[in-house]
Every structure is written in C-alpha cells, then in structure tokens.
Amino acid sequence: MMTADTFGRPLRDLRVSVTDRCNFRCVYCMPKEVFGPDFQFLPQREVLTFEEIARLTRLFVALGVEKVRLTGGEPLVRRDLHLLVEKIAAIEGVRDLTLTTNGSLLAKHAAALAAAGLRRVTVSLDSLDDGVFRAMNDVNFPVARVLEGIEAAHAAGLRPIKINMVVKRGMNEGSVVEMARRFRGTGDVLRFIEYMDVGNSNGWRMDDVVPAAEIVRSIGEVFPLEPLEANYAGEVAQRYRYRDGAGEIGVIASVTQPFCRACTRARLSAEGRLYTCLFATHGHDLKVLLRGGASDDEIAQELRGIWQRRSDRYSELRTSATPGAPKVEMSHIGG
Ligand code: SAM
Ligand code: SF4
Ligand code: SF4
C-alpha cells in the first residue's frame, strides 16, 4: 500500500535507531561537553526490543516502506544485532536492508551480519589522517581500525560499501582530496555530507559548513568529474563520476541545496518514537501502543495517520534563526 503525506511524498524508507549509545564522541554529533560521563542514556527497559522493532518494521512495510536502515548511536554497540538483522531480513517486502556504522566494531561483526541477511553497509569515516580522525571522533580512535572494518565488510560481501564523510570547516576539509584518492577505483562510493544543524548540542554555525559545490570543485581540480543522473527519484545524494572511469562520488547538500520535496523517510528512535523529520522537535510515542496491548491494525492506523498529516520541510525553511529551535539529537535518531 502506498501512503502519502500532505505534499504527496510516499513513505518509502525507515531508519531504525537501535541504541542511543555510542563509543565515539564525534564533535559534530555527540560532543563530549554534552555527552559526558554523567549523561543519562536510556535505561535498557526503555529501548525497544528486537521483537518490537521487527513488529513495527512489518507494519511500516505494509504501508509502503521498502528500505530499512539500522543506525544509532552506534548500532554495533547493541548486543547481538545480527539477530535483529535476521528478523528484518525475513520480512517480506523489505527490498533493501542496510546499516550505518562508525566501523569501529565492524571487523568483528561483518561476517555474522552478512550471514544474517544484511545487504550493505555505510561506514562513516571523516579523514584518513590519523590525527584529524582522532580529533573528530574525540575518543582517540585510530583510522586503521576503521579501515580494517571496511576490509572485513568487503570480505563478507557487503559490497559496494558507502563511505560517509561529514565535512566540517577548520577540521577536515583538508582531508577531502585524500579520501577521494583512497576510495577511487575500489568500487566503494564515497559520499560527502554537509555539516548539518541537527540537534542543539553541536553548536552549529553556517560558517562551519563546507558547501557541497566547494567539495566537488576541490576534487574535480585533481580528478576531473562529471555529474551523473540520479539513480532513482528522491535520491538525496548528487552523484558525480570520475572522467577516467575510476568510479563515482556523491555529495549530500542538505544545507545548501535542500531536498525535502523528495524526502520519503520515517525515523524510529531507540525508545520507539516516530519522527517524520530529522529536525523534528517532537516524536510520536509508539512504545505506549506496543506495550499497551494495541493490535497490529490499531498501530498501522496510527502510523498511516501520522504520515498522512506530515508536512515537514525543515531544510527548505531553514533560516539563520532556526538552528536554535529545540530539536531531537542526531544520536537519538541516527541521521
Ligand atoms: N554511529 C553511526 C555512524 O556514525 O555511522 C550511525 C549513526 S550517525 C548519527 C549517522 C550519520 O550521521 C553518520 O554518517 C554521521 O557522520 C552523520 N552525522 C552525525 N552528525 C551530523 C551532522 N551534524 N551533520 C551531518 N551529518 C552528521
Ligand atoms: Fe557516534 Fe555516529 Fe554520532 Fe559519531 S556520528 S558520535 S559515531 S553516532
Ligand atoms: Fe526530510 Fe526533514 Fe531533511 Fe527535509 S529537513 S529532507 S523533511 S528530514
């Protein structure tokens, strides 16, 4: 069944945050000053069980969802994640099942995840320069271990891998060309993401955003590029190919060229709230339904109603005043 919102946007993708915890403290996502030793993460009983997540996913799929992405926090810090992958992979109608991870634990888990039915992974990696990377993840985590995780994902057949690099002015724009050089010709797709004003804790300023056009220009000066057509309607990444045939890159220009018109994503937080926008201030509590004895039909009706009333287009309306508004944190809903 197709379910459309007030702008006619269908519900196609579901992002599931399986935990609000993370072993990194990326400066643009979970800055240490906010997510310090005293930070109260969700108690385990408040986090949806795998059974609850699978049940909701099945209901979302009945409403039109085809793609499911597991995210977090860091999804691989949740124990036995492959058991959730198995459950979701078994749902008829799930065409694509992927995982976004910081890669730190991937070397350990890639084979089990692939065996459980995971199709692909996206690995976040912000620099190949060890010093820059350690400063960005802010827990002194070395690049080499993430590269090992990428290798393990390759070996497990989770290909092609997408590599996400968030570019923040003054931190890692100097790493852009090196990253392009490293992943050209590997079959993996490097995607550059504009630093966004998600949440309220990262102290976002427009000056910190490196516009996608600037990123494309700096790579193109070294490795000539040409634009590619979108793979499908609603693709958020703008794609470019290397003129010498060494593959492609993508840029996600959510700040400088918003794409709300094509946004077909629902986001489920670890404690079972449904957000219809990455920048939402409010999530719809589905856990009360799940744990209050609601039937599948009742929950499905609620989901449909929420999507049909949806009118979010935060990025298109973004002004210099909006970043201060209260918003959900990225680590809560997983980007
Ligand atoms: N921990 C996993 C990871 O880092 O891949 C999954 C969750 S993380 C919130 C998902 C993606 O959001 C990552 O690629 C991360 O780089 C990106 N992200 C986090 N904060 C961001 C921000 N302020 N602007 C743009 N992207 C951001
Ligand atoms: Fe953790 Fe991912 Fe956020 Fe970095 S971007 S702090 S790895 S959730
Ligand atoms: Fe979708 Fe909200 Fe991002 Fe617009 S701002 S693309 S509606 S998540």
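The values are calculated or read from the model by the stated rules, or taken from the named source; none is laboratory data. All figures in this text were calculated on a predicted structure; none of them were measured in a lab. Methodologically, a virtual Cβ is constructed for each residue, glycine included, from the backbone with ideal geometry; neighbour enumeration extends over all protein chains shown. Note: areas computed on protein heavy atoms with side chains; ligands, DNA, RNA excluded. Shrake-Rupley method; radii C 1.70, N 1.55, O 1.52, S 1.80 Å.
A few comments on the model shown:
- Solvent exposure, largest accessible area first (probe 1.4 Å, DNA, RNA and ligands not counted), of Arg313, Arg217: Arg217, Arg313
- Candidate lysines - alpha carbon under 22 Å from Lys108, same-chain residues fewer than 8 apart omitted: Lys87, Lys162
- GNM flexibility winner over the chain from Ile252, Ile150, Ile306 (Cα, springs under 10 Å): Ile306
- Potential lengthening of the chain between Met206 and Glu178 amounts to 7.6 nm, from the contour at 0.36 nm per residue minus the alpha-carbon distance.
- Spatial separation of Cα centroids for the range 233-304 and the range 164-179, in angstrom: 25
- Fraction of beta bridges assigned by DSSP in the range 13-333 that are antiparallel (%, nearest 5): 30
- Isolated Cys residues of the chain, judged by Cβ distance under 4.7 Å to other cysteines: Cys22, Cys260, Cys263, Cys277
- For Glu226 and Met1, the FRET efficiency from 1/(1 + (r/R0)^6), where r spans their Cβ atoms and R0 equals 45 Å, is about 0.70.
- Fluctuation leader among Glu194, Glu151, Glu46 - the chain, Gaussian network, Cα springs under 10 angstrom: Glu46
- Rounded to the nearest 20 debye, dipole of the range 13-333 from Cβ charges on Lys, Arg, Asp, Glu: 280
- Global form of the chain, assessed from the alpha-carbon gyration tensor, a/c cut-off 1.5: rounded
- Rounded to the nearest 10 square angstrom, Tyr240 shows an accessible area of 40 square angstrom against a 1.4 Å probe.
- Per residue solvent-accessible surface (Å²) - the chain, probe of 1.4 Å: 43
- Label point distance in nm, Ala262-Phe39, each placed 7 Å from Cα along Cα→Cβ: 3.2
- Rough spin-label spacing in nm, given labels placed 7 Å along Cα→Cβ, for Arg145 and Arg169: 3.3
- Taking the charge dipole of the range 99-167 about its Cα centre, with +1 at Lys and Arg Cβ atoms and -1 at Asp and Glu Cβ atoms, the residue from Ala144, Ser104, Val167 reaching farthest to the positive side is Ser104.
- Residues Arg241 and Glu66, FRET efficiency given R0 of 22 Å [Cβ-Cβ distance, rounded to 0.05]: 0.30
- Of all accessible heavy-atom area on the range 13-333, the percent that carbon and sulfur account for (1.4 Å): 49
- For Lys87, the accessible surface of its heavy atoms amounts to roughly 80 Å² (probe 1.4 Å, protein chains only, rounded to the nearest 10).
- Glu148, Glu226, Glu271, ranked by accessible area, largest first (probe 1.4 Å): Glu148, Glu226, Glu271
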